[in-house]
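One structure is given below, encoded as structure tokens.
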Amino acid sequence: MLDNLETIAQNDPSGMFESVYNLPEQIQKAYEIGKNISVNVKAEDIDKVVITGLGGSAIGGNLLRVFVLDKCKIPVIVNRDYVLPAYVDSKTLVIASSYSGNTEETLSAYQDAKAKGAKIIAITTGGKLKEFAEKDGFDVITIPSGLQPRAALGYSFIPLLMLFVKLGLIEPVDDQIEETVKVLSDLRERYKPEVPEEKNLAKRLTLKLWNKLPIIYGISGTTEVIAERWKGQICENSKSPAYFNVFSELNHNEIVGTESPKHILGLFEIVMLHDTEDHKRNAIRMDITKDLIKGVVSGVNDIYSIGNSRLARMFSLIYLGDYVSLYLATLYQNDPTPVKKIDILKNKLAEIKD
Ligand SMILES: O=P(O)(O)OC[C@H]1O[C@H](O)[C@H](O)[C@@H](O)[C@@H]1O
């Protein structure tokens, strides 16, 4: 079924496969945008960064948080709420990230940042966020519109990464971006629909996850946000439930919850994301955990990052998850693009004014 290109095209009328295929070009464009950023904020005027956003935009911020974890000397925090923490003040750089520019939590947090006197940079395609930020005299990084926010990860992540370089918070990443574009351009030729199942890891893994409950395990400090991204992509694109958790934390609780009920545990299909920078003890924990749960769950799949640089390796795992979520949508005969329940929710929320 996954080798039938007609079936794939039928279940993808709005071209999400194409958006995913074009991720390398998107990263290249996002890099150009990033190179041309000029902002008024100076590193010496800030002592922390709060990135506020939801969904795909929050993932971009969260990937950045992990990417700079061992490099950036000031705290980087991701906020996914209507309000910001009390520590946000005039020494805080608040990055309001919303692809549409109209997500209500992000707009509310933007107002909170303004009220708290924070330095603000908005990253968006437009919407109210751009309107407010321009009117208030804050910097706006404008990214191209026309995609689903979750398909715009290159745009919501790479310019922020470049901003961190510009502010001197991290070393230049040009080589890493170049390698990422190369690695993804190679991977798409291995994961695309035209490549048959026996040669296509994305298709083979999807068949394992089909009619199962995908559970994605990452490792703290390396693949934690990538596991979260896989979960989000499977939910939004495939319209299937999926969950994620992170080592070593899951070894302190979740690992015990694997005895009953057996018929539910038997539906768990685990994906373990591995990276060369995983803490050695966590890599060992993954192996031991695998042995402990192997006979209980439906299956455990080890997936390894590809590439030399941290950025390329991160995106290699993200890219596989993106393709898997699209093939899973195909098997369930769902169009990956619409998110009907989110639309209904937003409409209902819009009717209720407080
Ligand atoms: O980036 P934004 O436009 O603020 O969108 C944030 C989130 O909003 C909605 O819930 C979309 O369906 C998600 O896919 C998206 O990631």
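Here are some notes:
- Selection of the range 266-302 for residues being assigned to a strand (DSSP E or B), of a type in the set (Asp, Glu) and surrounded by fewer than 17 Cβ atoms within 10 Å (Cβ to Cβ) yields only ASP302.
- In the range 54-89, residue nearest to the ligand (Cβ to nearest atom) [restricted to those that are β-branched (Val, Ile, Thr) and out of contact with any Gly (no Cβ under 6 Å at 6 or more places or on another chain)]: ILE59
- In the range 90-112, the residues that are over 28 Å from PRO172 (Cα atoms) and either open to solvent by 10 Å² or more (accessible area, probe 1.4 Å) or more than 15 Å from the ligand (Cβ to nearest atom) (or both): SER100, ASN102, THR103, GLU104, GLU105, LEU107, SER108, GLN111, ASP112
- Pair list, Cβ < 7 Å and 6+ apart or interchain, from the range 339-354 residues that are near the ligand (Cβ under 9 Å from one of its atoms) to residues that are open to solvent by less than 100 Å² (accessible area, probe 1.4 Å): VAL339/GLU236
- Leading residue by the ranking (nearest to the chain's Cα centre (by Cα)) among those in the range 303-338 that are in a helix (DSSP H, G or I) and within 16 Å of the ligand (Cβ to nearest atom): ILE318
- Some residue of the range 221-239 being part of a loop (DSSP other than H, G, I, E, B), more than 16 Å from the ligand (Cβ to nearest atom), open to solvent by 10 Å² or more (accessible area, probe 1.4 Å) and at positive phi: yes
- Any pair with Cβ under 9 angstrom, 6 or more apart, that starts in the range 129-148 at a residue that is over 30 Å from PHE17 (Cβ atoms) and ends at one that is among the basic types (Lys, Arg): PHE132/LYS114; ASP136/LYS114; PHE138/LYS114; PHE138/LYS119; ASP139/LYS119; VAL140/LYS130
- Some residue of the range 71-80 being at pLDDT 95 or above, more than 20 Å from ILE141 (Cβ to Cβ) and buried (at least 18 other Cβ atoms within 10 Å of the Cβ): no
Residue-by-condition table, conditions (1) of a type in the set (Asp, Glu); (2) under 27 Å from GLU351 (Cβ atoms); (3) free of Cβ contacts under 8 Å to residues at least 60 places away in the same chain:
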{"site": "LEU54", "(1), (2), (3)": "no, yes, yes"}
{"site": "GLY61", "(1), (2), (3)": "no, no, no"}
{"site": "ILE77", "(1), (2), (3)": "no, no, yes"}
{"site": "LEU84", "(1), (2), (3)": "no, yes, yes"}
{"site": "ASN102", "(1), (2), (3)": "no, yes, yes"}
{"site": "GLU105", "(1), (2), (3)": "yes, yes, yes"}
{"site": "GLN111", "(1), (2), (3)": "no, yes, yes"}
{"site": "GLY126", "(1), (2), (3)": "no, yes, yes"}
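- The set of residues from the range 303-341 being of a type in the set (D, E, K, R) and open to solvent by 30 Å² or more (accessible area, probe 1.4 Å) comprises ARG310, ASP335, LYS340, LYS341.
The values are calculated or read from the model by the stated rules, or taken from the named source; none is laboratory data. What you see is a predicted model, and the numbers here were worked out from it, not measured in a lab. Backbone-built Cβ (ideal geometry, glycine too); neighbour counts: all protein chains shown. We work out accessible area using only protein heavy atoms, side chains counted, and drop any ligands, DNA or RNA first. Shrake-Rupley method; radii C 1.70, N 1.55, O 1.52, S 1.80 Å.
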